[in-house]
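**Student:** Below is a structure I'd like to ask you about.
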Amino acid sequence: MNIVVTGGAGFIGSHLVDALLARGDSVVVFDDLSTGTPENLASALASGRCELRVQDVSQGIDCDIRVQEVYHLASPASPPAYLAHPLETLAVGSEGTRHALELARRDGANFLLASTSEVYGDPVEHPQRESYWGNVNPVGPRSVYDEAKRFAEALTTAYRCTHQLPVAIVRIFNTFGPRLAEGDGRVVSNFICQSLRGEPLTVYGTGEQTRSLCYVSDLVRGLQLACATAFGEPINLGNPNEMTVLDIATLILGATGSASEIVHQPLPQDDPTRRRPDIERAATVLGWSPAIDVATGIEMTVTHFAKQLGLR
Ligand code: UDP
């Protein structure tokens with residue numbers, strides 16, 4: 001197949017591109033390189049079946065080849081990244097999504113929207129099922145991401161209903177693995193880099209807040225299944241193994257053999273207190289469940305960062 005991946009130079013996008021190439025597809029990546037890097041695509045570009053077009057998809061998508069699948073992942077995704085670029089985040093979630101949907105409509109391609117567990121905000125229902133409408137502060141700092149993705153879900157649904165476009169909406173829960181950017185600010189990359197450098201681990205708030213961490217190869221397998229299936233309704237993708245942030249710190253200290261201490265810093269505004277996906281729909285509709293346990297995934301990620309930081 002010929003496939004478009006917006007945001008394909010990013011963390012999840014580049015792993016998706018590698019998986020699509022491995023199954024024999026050709027891929028055109030549209031990415032403005034605001035948070036992604038060409039280095040993430042080094043092996044993909046060397047394959048001769050991947051092309052990188054540096055373009056901001058909120059301005060348009062100039063795609064001259066006919067495509068069978070469109071994966072729309074383009075967006076700043078880590079809290080520091082989207083908080084630093086509020087208007088761009090809203091633009092790519094709205095106009096960027098519309099351009100990606102129009103491309104899929106032009107070619108009758110299957111369309112996948114990379115949505116997020118952030119649509120649930122600070123959830124009152126736990127674990128989160130897809131039927132839960134969420135608890136989002138529409139004018140809080142995170143709203144630029146949360147509401148952009150909620151709008152993107154609404155727009156995708158409108159294209160499904162109005163134009164009968166085959167669509168998949170996946171709500172991605174916290175994902176980690178190699179190619180998380182070092183300065184990205186997310187919990188796993190921060191704690192691993194801090195541990196490896198012998199710096200204190202910065203736990204925000206008490207560290208009692210929870211997240212559920214999914215290894216990137218599991219997530220990418222789910223994206224491929226979801227796009228092929230085009231179920232229409234949202235599907236959670238994540239690993240339901242819920243941990244507190246302090247548990248994550250302890251796990252990473254153990255995996256790195258680090259003697260770093262833990263320091264507490266202020267909790268960011270509207271930081272969700274807990275998060276765990278209900279993945280029954282993914283299991284039923286896609287036959288998907290995560291296969292890599294968190295400890296194994298953390299070990300592989302530590303190996304990656306140790307090499308990147310030139311420490312091992
Ligand atoms: N966090 C932390 N220390 C860090 C980075 C993050 O304690 O150095 C916390 C953050 O407050 C949140 C959780 O870890 O409760 C996950 O944060 P992340 O930015 O990875 O993703 P989020 O789930 O908030 O989008």
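Coordinate-derived values only; no laboratory data. What you see is a predicted model; the values in this text were computed from it and never measured. Backbone-built Cβ (ideal geometry, glycine too); neighbour counts: all protein chains shown.
**Student:** Within the stretch 35-79, count every residue that is among the small types (Gly, Ala, Ser) and either assigned to a strand (DSSP E or B) or farther than 23 Å from Leu165 by Cβ (or both).
**Tutor:** Matching residues across the stretch 35-79 total 9.
**Student:** Can you pull out every residue in the stretch 221-236 that is crowded, with 22+ Cβ neighbours inside 10 Å and aliphatic (A, V, I, L, M)?
**Tutor:** Leu223, Ala226, Ile235
**Student:** Related question: Could we say that Leu251 is closer than 23 Å to Pro80 by Cβ and either in contact with a strand residue (DSSP E or B) (Cβ under 6 Å, 6 or more places away or on another chain) or touching a residue at least 40 places away in the same chain (Cβ under 8 Å) (or both) here?
**Tutor:** Considered against the rule, which asks whether it is closer than 23 Å to Pro80 by Cβ and either in contact with a strand residue (DSSP E or B) (Cβ under 6 Å, 6 or more places away or on another chain) or touching a residue at least 40 places away in the same chain (Cβ under 8 Å) (or both), Leu251 comes out as yes.
**Student:** Looking at Val216, Val187, Val263 in this structure, which one is over 24 Å from Pro127 (Cα atoms), within 16 Å of the ligand (Cβ to nearest atom), in contact (Cβ under 8 Å) with a residue 24 or more places away in the chain and among the aliphatic types (A, V, I, L, M)?
**Tutor:** The match here is Val263.
**Student:** I would also like to ask the following. Pick out, from the stretch 96-204, the strands (runs of 3 or more DSSP E) lying fully within it that include 2 or more residues that are over 16 Å from the mean Cα position of the chain (by Cα) and surrounded by fewer than 22 Cβ atoms within 10 Å (Cβ to Cβ).
**Tutor:** In the stretch 96-204, 201-204 are the strands (runs of 3 or more DSSP E) which contain 2 or more residues that are over 16 Å from the mean Cα position of the chain (by Cα) and surrounded by fewer than 22 Cβ atoms within 10 Å (Cβ to Cβ).
**Student:** Could you count how many residues in the stretch 33-64 are charged (D, E, K, R) and more than 18 Å from Glu102 (Cβ to Cβ)?
**Tutor:** Here the count works out to 3.
**Student:** What's the number of the condition Gly207 fails, among (1) over 23 Å from Gly10 (Cβ atoms); (2) buried (at least 22 other Cβ atoms within 10 Å of the Cβ)?
**Tutor:** (2)
**Student:** Taking Tyr82, is it outside any helix (DSSP H, G or I), of a type outside the set (Lys, Arg) and within 16 Å of the chain's Cα centre (by Cα)?
**Tutor:** No: the conditions fail for Tyr82.
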